[in-house]
1. On a 0 to 90 degree scale, rounded to 10, what angle separates helix 18-32 from the longest Cα axis of the chain?
2. Hey, got the dipole for region 84-204? About the Cα centre, +1 on K and R Cβ, -1 on D and E Cβ, debye to the nearest 20?
3. For the chain, what is the relative contact order in percent, using Cα pairs closer than 8 Å and at least 6 residues apart in sequence?
4. With viscosity set to 0.890 mPa s and temperature to 25 °C, compute the Stokes-Einstein D of region 18-84, Rh being the Kirkwood radius across alpha carbon pairs; µm²/s, no decimals.
5. Between Leu45, Ile34, Val14, whose Cα lies farthest towards the positive end of the dipole of region 1-66 when Lys and Arg beta carbons carry +1 and Asp and Glu beta carbons carry -1, centred on the Cα centre?
6. Counting other Cβ atoms within 10 Å, which trypsin sites (Lys or Arg not before Pro) in region 1-89 have at most 16 and lie in a DSSP loop?
7. Per residue of the chain, what 222 nm ellipticity follows from adding -39500 (n - 2.57) for every DSSP H run with n ≥ 4, rounded to the nearest 500?
8. Under 26 Å between alpha carbons, and skipping anything fewer than 8 positions from Lys59 in its own chain: which lysines qualify?
Amino acid sequence: MNFQAVLFDMDGVVVDNLPYHVDAWLLFCERKQIPLTREIFYQELNGMNSKDTFEWFYKRELSRAEVEVLEEEKELIYRAFYRDHLKPAPGLLTFLKDLRDQGIKTALATSAGPGNIDFIVDGLGIRDQFDAIIGGAEVLKGKPDPEIYLKAASLLSVDPVDCWVIEDSLQGIAAGQAAGMRVVGMSTSHTPTELAHTDLVRPDFMQLFETLINFH
């Protein structure tokens, strides 16, 4: 086996939910009279943690208490939009089972807060499929800083060079690469051309296990 662990981003990877998040951000910003377009979100904000995103909108540093209030307002919109559409990405459950059967460690490393992590992970019933789960609230620096992926590798007791990261956002890909890990670019929020700087580009998890096993 040429790798020991797979580290998963959540939004846009474990679930193809980015359009619902973007719709929620657009409605939130409309209510707050903050200018935002879908294109700006995907290019500038996708993959950022909540604190960095809100500070990008408000152009100033925000306290943790301010962020928590704003985050809860936005995430209530998102969960209402996505609740009836929640489902795993194609091939995810088989991929996770194949990894577990081969003794390959897994971690979820997402910029999302605890409420959204619980919403997705418990909604899909996959909490027991991860050896570690790390959210944006558990790191000091958000993606594209590599902190979250380096912390995930440390929790798994695996060297970063023995890890694959699965990411959809440009911010997250940069984080994985800065951590010294190989990266699968999942083309749910960017085109394959935009993800060409990753080691592999895939639309979903179908046949991904075999591809990783044979990757050189």
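Read-outs throughout are calculated quantities, based only on the coordinates presented, and are distinct from any laboratory measurement. Since the model is a prediction, treat every value here as computed from it, not as a measurement. Note that each Cβ is placed from the backbone with ideal geometry, even for glycine, and that neighbours are counted across all protein chains shown.
1. For 18-32 against the chain, the angle is about 20 degrees.
2. Numbers: 10 positive and 17 negative charges, 11 e Å.
Dipole of region 84-204, to the nearest 20 debye: 60 debye.
3. About 28 percent, as a whole number.
4. 203 µm²/s
5. The listed residue farthest towards the positive side: Ile34.
6. Numbers: sites: Arg31, Lys32, Arg38, Lys51, Lys59, Arg60, Arg64, Lys74, Arg79, Arg83; in loops: Lys59, Arg60.
Hits after loop and neighbour filter: Lys59, Arg60.
7. Numbers: 8 runs with 89 residues, N = 216.
So the calculated ellipticity at 222 nm is -12500 deg cm²/dmol.
8. List returned: Lys32, Lys51, Lys74, Lys141, Lys143.
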